[in-house]
Amino acid sequence: MLLAINTTTQQFSLALFDTEGILQSEYVLPFASGSKFLIPALEVMMKNAGIKPEDLTSIAVAIGPGSFTGLKVGISVAKALSVCLNIPVVGISSLQALANQIPFSKIPITAMIDSRKGEYFVAQFIWKEGKLLQKGPNMCLKKEEFAERFTEETIFVGNDYLRQSKFLKDTLKDPLLAPSYLWHISASSVGMLALSRIKNRDYDDPFLLEPVYMRPPEIRHNPYGVFRC
């Protein structure tokens, strides 16, 4: 069984795939439910699916960009399970997971995640011969850069439909938007992307797997002389 984990944004999700790569179960946690519910949700999902920890054969986890705290939680859980159960782990880009939810688009897909600092983490992808390929590097774009950057046809998908669709409609002329129900990162999409890598034994080292932040965390000084994010 493959366990897929997404904690990139405020809406966490978990998914289980069988040995044939078929989705068996998926749990989506409410927005801002907090990382403390991740492990209890995992326990409930596995219990309801009749799965024990020793039945897991691999782990897939979204590695960002996204929430600093969420990424730390999800990747820590994935690494711990990988080491304790002695099973492989695969890290998947959260932007690629978003784009993967729009299969076989004939035009480029632009995936975007709010950085919460007036910027967006952005990457563009295209389907070619049944494979999702990334066009260019991940970017961190200011809002005012969108109009100049996106002059050609593309379909947008992000992690917050209400806010991001309004921004795109206010900024671009007739932007093409993915359906609203696709505007969150699903653990099943993370797992689907991991399946081919697992088949090819393209694993990550659990001790070297790190979050993709794309910008440093905000550090605040407290009066007790201890730094915290």
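Details
- Against the numbered list (1) closer than 26 Å to V28 by Cα; (2) touching a residue at least 40 places away in the same chain (Cβ under 8 Å), F150 comes up short only at (1).
- Residues located in region 1-50, provided they are among the small types (G, A, S) and not in a strand (DSSP E or B): G21, A32, S33, G34, S35, A41, A49, G50
- Residue, nearest to D114 (Cα to Cα), within region 135-182, restricted to residues that are of a type in the set (K, R) and out of contact with any strand residue (DSSP E or B) (no Cβ under 9 Å at 6 or more places or on another chain): K166
- Of the residues making up region 153-185, those that are among the basic types (K, R), without any contact (Cβ under 8 Å) to a residue 12 or more places away in the chain and in a helix (DSSP H, G or I) number 2.
- Some residue of region 196-205 being surrounded by 17 or more Cβ atoms within 10 Å (Cβ to Cβ), among the aromatic types (F, W, Y), more than 18 Å from the chain's Cα centre (by Cα) and at pLDDT 95 or above: no
- Condition check for V77: touching a helix residue (DSSP H, G or I) at 6+ places or on another chain (Cβ under 7 Å), surrounded by fewer than 24 Cβ atoms within 10 Å (Cβ to Cβ), in a helix (DSSP H, G or I) and in contact (Cβ under 8 Å) with a residue 40 or more places away in the chain: yes
The values are calculated or read from the model by the stated rules, or taken from the named source; none is laboratory data. Predicted, not measured: the structure shown is a model, and the values here were computed from it. Neighbour counts run over all protein chains shown; Cβ positions are idealised from the backbone, glycine included.
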